[in-house]
Amino acid sequence: MYKKIFISAGDSSGDIHGANLMRCMLEKEPHIKFYGLGRENMKHAGLHCLHDMSKKSLMWLHVLKELSAFLRIKKDCIRFFKKEMPQAVILIDYCGFNFHLAKAAKKCKIPVIYYISPQIWAHGPWRVKKMKKLVDKVIVIYPFEKQFYENAGISATYAGHPLFDEIYKSGVDEKIVSELKKQWGDTIISLIPGSRRQEIVRLLPLLLQSALQIQQAIPSVQFVVSCSNDQHFDLIHTLVKDSKFCCKIIIGNIHEIIKASKLCIAGAGTVTLQIAYYLKPMIIVYKISPFAYFIAKPFLTTPYIGLVNKLANKMIVPELLMYRGNYTWLAHEAVQLLHNTQKREACIRDLSSLIHEIAKPGASEHAADSILNLLNSKFNV
């Protein structure tokens, strides 16, 4: 007899991690059928997909544009819960929508497990009370999250970050790294504005302005702009063209771009862990509107916006949350990390210590074990 598990992931990274989790669970328990929401990776891993989330966005006003679609998806999920009564609901990140699914599942008395929990410890710790009402178990990917949730009375297990599973599995194409260095030299700065359209529009013009100042200070430096997928190429090309700044745009190959770089300038996100893995000095930038800045700042409970600094619990790479185009600060920090040998070596040394502590493979398998143990004991499925 098959066990029915509902699983939901909305964004591309959640889809990758969800697929890896599904594969690990199926290796251990072949008699599982997964139903739910995901993208191509999860479908290839065996998901019976109720809705493909490839073109769904949860960023700001885009939610309003797609509100009717989200309501329809939510209704279909609730209908599935009531009719099929899955043994558990597994939610992956994507808290804006997944919280609604958690609430619906709890009403149907279906156990809820949250994997890769939302970063409420940074921007909304009061929401942990809501999590406690809706979630039976949280499987976390950062060491400090376990204590955060347990202090709130929520059962939590630390599994490690599945990003490192992906890095160990995919590796780096050294030929591409060599070609980049051969073409652009040994002083490449990569500009990594993010994987979402809204992030790119907000951040890339700032990065390009700072790049101009950096090049004035260090004429030999070359710039590469990372484009996460071809869907955003036209947007990035237009922004680069409008800036009148000459640089190379590369689609994909993020690991190769990072490894070829002398310095990375990136938005605050998981990519900073990828940069840290390759021991590359970086600058982390997060830009929001003045209105959002003054609304959000009182609720920020962590002194760091970058995961690298948060995990190290100290400022090992420069970072700044800004509401103005403070590209002069950005250019100054970049020149320092390129020219100040002592500062650069200290940064690399701290990154090495951090990566030694956290960059271990096996997160997906640990998460799968935790979920299956919980299902087979507490919930007797």
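First measure r as the distance between the Cβ atoms of W329 and A69, then evaluate 1/(1 + (r/R0)^6) with R0 = 41 Å and state the FRET efficiency to the nearest 0.05. It comes out at approximately 0.55. If you look at the Cα atoms of the stretch 188-338, you get an Rg and a Dmax of 14.5, 42 Å. Which parts of the stretch 304-318 would a label at A152 reach, counting a residue when its backbone N lies under 15 Å from a point 7 Å out along Cα-to-Cβ? Zone members listed by number: none at all. Structure note, pairs K106/K132; K280/K360; K182/K262; K241/K280; K169/K259: Cα-Cα distances above 21 angstrom occur for K241/K280. Across all directions, the average projected area of the convex hull around the alpha carbons of the stretch 189-231 is 2.9 nm². Residue-wise HN-Hα couplings along the stretch 235-245, as the Karplus relation 6.51 cos²θ - 1.76 cosθ + 1.60 with θ = phi - 60° gives them from phi, are 4, 5, 4, 5, 5, 5, 4, 5, 6, 6, 10 Hz; Gly and Pro carry x.
Take the alpha carbon gyration tensor of the chain, find the square roots of its eigenvalues, order them as a ≥ b ≥ c, and report rounded if a/c is under 1.5; if not, report prolate when a/b exceeds b/c, else oblate.
Working: a/c = 1.81, a/b = 1.76, b/c = 1.03.
Cα axes put the chain in the prolate bin.
Treating r as the C-beta distance of Y168 and R349 and R0 as 25 Å, the FRET efficiency rounds to 0.65. A simple charge model with +1 on the Cβ of Lys and Arg, -1 on the Cβ of Asp and Glu and nothing else charged puts the dipole of the chain at about 1460 debye relative to its Cα centre. Selection among C246, I258, L101 by position relative to the dipole of the chain gives L101 as farthest towards the positive end (Cβ unit charges, Cα centre). The residues of the chain present an accessible area of 47 Å² per residue when probed at 1.4 Å with all protein chains retained. Once backbone amide H atoms are built at 1.01 Å from N, I249 has V225 as its partners under 5 Å, excluding neighbours fewer than 5 places away on the same chain. For the stretch 354-361, backbone phi angles converted through the Karplus equation (6.51, -1.76, 1.60; θ = phi - 60°) give residue-by-residue couplings of 5, 5, 4, 7, 10, 8, 10, x Hz, Gly and Pro being listed as x. Given their separation in residues at 0.36 nm each and the Cα-Cα distance between them, I249 and E29 gain 74.8 nm when the chain is fully extended. Helix content alone sets the calculated 222 nm mean residue ellipticity of the chain: runs of n ≥ 4 DSSP H residues at -39500 (n - 2.57) each, divided across all residues, give -16000 deg cm²/dmol. For the stretch 90-106, backbone phi angles converted through the Karplus equation (6.51, -1.76, 1.60; θ = phi - 60°) give residue-by-residue couplings of 10, 10, 10, 6, 6, 5, x, 9, 5, 4, 5, 5, 4, 4, 5, 5, 5 Hz, Gly and Pro being listed as x.
Kindly identify the stretch 73-223 as rounded, prolate or oblate by the Cα gyration tensor criterion: order the square roots of the eigenvalues as a ≥ b ≥ c, call it rounded if a/c is under 1.5, otherwise compare a/b with b/c, prolate if a/b is larger, else oblate. Judged from the Cα gyration tensor, the stretch 73-223 comes out prolate (a/c at least 1.5, a/b above b/c). When a 1.4 Å probe is rolled over the protein heavy atoms, the share of accessible surface on the stretch 102-227 that falls to carbon and sulfur comes to 51 percent. Distant-in-sequence amide contacts of G194, defined by a placed amide H-H separation under 5 Å and a gap of 5 or more residues or a different chain, comprise G267.
Indicate the gyration tensor shape class of the stretch 219-295 (rounded, prolate or oblate), computed on the Cα atoms with a ≥ b ≥ c the square roots of the eigenvalues: a/c under 1.5 is rounded; otherwise a/b larger than b/c is prolate and the rest oblate.
Oblate is the answer for the stretch 219-295, as a/c is 1.5 or above yet b/c matches or exceeds a/b.
If amide H atoms are built 1.01 Å from N in the plane of the peptide, which residues on other chains or at least 5 residues away come under 5 Å of the amide H of M53? Sorted by chain and number, the residues that satisfy this are G38, R39.
Just the Cα atoms of the stretch 332-377, one point each, no solvent: what log10 I(q)/I(0) does Debye give at q = 0.31 Å⁻¹? Taking Cα atoms of the stretch 332-377 as identical point scatterers yields -0.98. Placing dummy labels 7 Å off each Cα toward the beta-carbon, the span from D186 to D369 is 4.4 nm.
The values are calculated or read from the model by the stated rules, or taken from the named source; none is laboratory data. What you are looking at is a predicted structure, and each value in this text was computed from that prediction instead of being measured. No Cβ is skipped: glycine too gets one built from the backbone with ideal geometry, and neighbour counts run over all protein chains shown. Accessible surface is based on the protein model in full, side chains and every heavy atom, while ligands, DNA and RNA are left aside. Shrake-Rupley method; radii C 1.70, N 1.55, O 1.52, S 1.80 Å.
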